[in-house]
Every structure is written in C-alpha cells, then in structure tokens.
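Accompanying notes for the structure given below.
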Amino acid sequence: MTNPLPQLGPVDHIGIAVADLEAGKRLYGEVFGLALVFEEEVASERVRVAAFDGGGIRLELLASTDPDGPIGRFLAKRGEGIHHVCYRVEDVAATLAHLKAQGLRTLDEVPRPGAGGCQVAFIHPKSAGGVLVEISQPPAEGGHA
Ligand code: CO
C-alpha cells in the first residue's frame, strides 16, 4: 500500500470563542473544575488561548487580541460559542492535499504554525457541514500533548 488515505482524529481540541478570557477561565477552571493546561498568545491568529483539560480533549478558550482578527470578527458576527473542532493528523500537508482533492474548500493553501508548535490548516465550514474544521500535526516532540 503506497498511498493510504489520511485519517482525521482523534479530536485534539474544541475552540470556543470568548469575549472575556478571565471570565471564561473562571467558568472552566473554578466553576467546571477543569485544569488549565496552558495559556499563550498566538500572534499570527491575533488570539490569546487558555486551554483546559477536558479528559483527552482540550477545550481552548479563544479571546481576540484584535477586533479585525478571525476571533474578533467571529465574536462580532456570531457572539460567543463554539468556533472550531480540531482533529489531530499525522501529516497535515498530506491531509490538506487529500481534502482539497476531495473538493473541500480550505482557508489555507499550505499548513501554518498554530499553538503549541503544531502545524495547522483550516477547512471552510461551507465544505464541512457548517463546522469550521482544523487539522493539526503536533510537533515531533514536546508541544501540548
Ligand atoms: Co484550534
């Protein structure tokens, strides 16, 4: 077998847009009782991320650092809520090429850096049943596994 189809999954994290990161951290950390895994700013996405351990799947609270950034625009249009579902993949470039070959519309032509040293790409919600889909290849070692 020379060219197996890339498989998506397991789900790595769910991205949740929040208007107020401190309020989101209080809800997930103190009210829901989940553990904060990491917090970092991803300048390229104009977002600050607070990630909680949902038991094998992370819940990433996404707060905008720029009203014209992707989360800023999402919040203005849709308000707070689930923003994307991210699947872990072994080879993000190969998976992206496969999905494009299947006719899916993507937001990225090539993978780009995401949080935690991952390489990521996004599939347009219009091609994925109304869900913005992220595919993410973890760094060879380390990262937020
Ligand atoms: Co994500």
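With a probe of 1.4 Å, find how much accessible area the chain has per residue, and write the answer as a whole number in Å².
Details: 8090 Å² over 145 residues.
On a per-residue basis, 56 Å².
Which percent of Cα-Cα pairs in the chain sits in each 5 Å bin, short to long?
Values per bin, smallest distances first: 2, 10, 19, 23, 20, 15, 7, 3, 1, 0, 0.
On the protein heavy atoms, probe 1.4 angstrom, tell me the percent of accessible surface of region 11-137 carried by carbon and sulfur. Working shown, then result.
Numbers: 3360 of 6400 Å².
The computed percentage sits at 53.
Taking the Cα centre of the chain as origin and charging only Cβ (+1 Lys, Arg; -1 Asp, Glu), how large is the dipole, in debye to the nearest 20?
Values: 13 positive and 19 negative charges, 112 e Å.
Roughly 540 debye for the chain.
For Lys126, list the lysines whose Cα falls under 28 Å from its own Cα; do not include residues on the same chain fewer than 8 positions away.
Lys126 reaches Lys77, Lys100.
The values are calculated or read from the model by the stated rules, or taken from the named source; none is laboratory data. These numbers come from a predicted model, not from an experiment. Ideal geometry is used to build each Cβ from the backbone, glycine not excepted, and the neighbour counts take in all protein chains shown. Heads up: the accessible areas ignore ligands, DNA and RNA and are worked out on the full protein's heavy atoms, side chains in. Shrake-Rupley method; radii C 1.70, N 1.55, O 1.52, S 1.80 Å.
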